[in-house]
Every structure is written in structure tokens, then in C-alpha cells.
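S.K.: Please read through the structure below; I'll follow up with questions.
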């Protein structure tokens, strides 16, 4: 009974974090910084790409994360994108743990469906359809 409440609650809290997160970006335009101290833009996508292909093992979750990631990558403005990507990674991590547990794996598909429905509503402002 507790797991039936805990999983949707975790999903809801994750969505609330995404929806209510603060999006601030500070850009360093100081050209006097040495190339060694500047962040390499090529290093960031490599980190994201290493986890982007990892599957949960539950088709509903894998399809939702792929669609959500595609929407975020193509339609969310760059300044807010990092926040959404962090949420994707949180989902992946927590859902992978739930999928590894046979006692919670059965309820995970329903939780992913609920997350997808909630994301459809919250991502309409970005013209995302999934």
C-alpha cells in the first residue's frame, strides 16, 4: 500500500521541481580568461550522451523519456534546457532503481503513463506533442 502512494508521490514531486524551478543563467563574457579556464562546450554533450541511451527496461518509461528528451532538446529555450535535462536524469535514475526491484517494477509502467500525461499538459507551452 505504501508503494502505491510513494511512487506517484515521487513522480509528482519531480514534476513540481521541474515546473517551479528557477531558471537563471550567468554568462561569462570575459574574453581575457585563458582557454584552460573556459568550459569546453564539447564536454557537456558527451556527458549527456553517455546517459541518454540508457533504457529503463519498461517500454512506457523508455518511450516517455525519449519523447520528453526530444521535446526538451528541440523546443525548450537553451536557458531553461539544463533544468529539464536534470529532471530527465532524475527520472532515469529513480525509475531504473524501481525497475530493478521486482516488487515495484509492475507499478512503474502506470507511474510512467501518469508522468507522460502530466508532462503533456505542462509542456504544451513549448508546443510539445508526445
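The values are calculated or read from the model by the stated rules, or taken from the named source; none is laboratory data. This one's a predicted model, so the numbers in the text were calculated from it and none came from an experiment. Cβ: placed from backbone, ideal geometry, glycine included. Neighbour counts: every protein chain shown.
S.K.: Please enumerate the residues belonging to the range 113-128 that are without any contact (Cβ under 8 Å) to a residue 40 or more places away in the chain and under 22 Å from residue 56 (Cα atoms). Show your work before the answer.
M.R.: We begin by selecting, within the range 113-128, every residue without any contact (Cβ under 8 Å) to a residue 40 or more places away in the chain; these are 117, 120-121, 124-125.
Selection gives 117, 120.
S.K.: Right, something else. Can you give me the number of residues within the range 63-79 that are out of contact with any helix residue (DSSP H, G or I) (no Cβ under 7 Å at 6 or more places or on another chain) and surrounded by 17 or more Cβ atoms within 10 Å (Cβ to Cβ)?
M.R.: Summing the residues that are out of contact with any helix residue (DSSP H, G or I) (no Cβ under 7 Å at 6 or more places or on another chain) and surrounded by 17 or more Cβ atoms within 10 Å (Cβ to Cβ) in the range 63-79 gives 1.
S.K.: Does residue 129 satisfy the condition of being out of contact with any helix residue (DSSP H, G or I) (no Cβ under 6 Å at 6 or more places or on another chain) and part of a helix (DSSP H, G or I)?
M.R.: For residue 129, the condition - out of contact with any helix residue (DSSP H, G or I) (no Cβ under 6 Å at 6 or more places or on another chain) and part of a helix (DSSP H, G or I) - is not met.
S.K.: I need a count of the residues in the range 86-112 that are touching a residue at least 24 places away in the same chain (Cβ under 8 Å) and within 15 Å of the chain's Cα centre (by Cα).
M.R.: So the count comes out to 10.
S.K.: Right, something else. Quick test of your reading of the structure: residue 69 fulfils all but one of (1) within 16 Å of the chain's Cα centre (by Cα); (2) at pLDDT below 95. Name the failing condition by number.
M.R.: The number of the failed condition is (2).
S.K.: When residue 56 is evaluated against the numbered criteria (1) surrounded by fewer than 17 Cβ atoms within 10 Å (Cβ to Cβ); (2) not in a helix (DSSP H, G or I), which criterion, by number, is the only one it fails?
M.R.: Only one criterion in (1) surrounded by fewer than 17 Cβ atoms within 10 Å (Cβ to Cβ); (2) not in a helix (DSSP H, G or I) is unmet by residue 56, namely (1).
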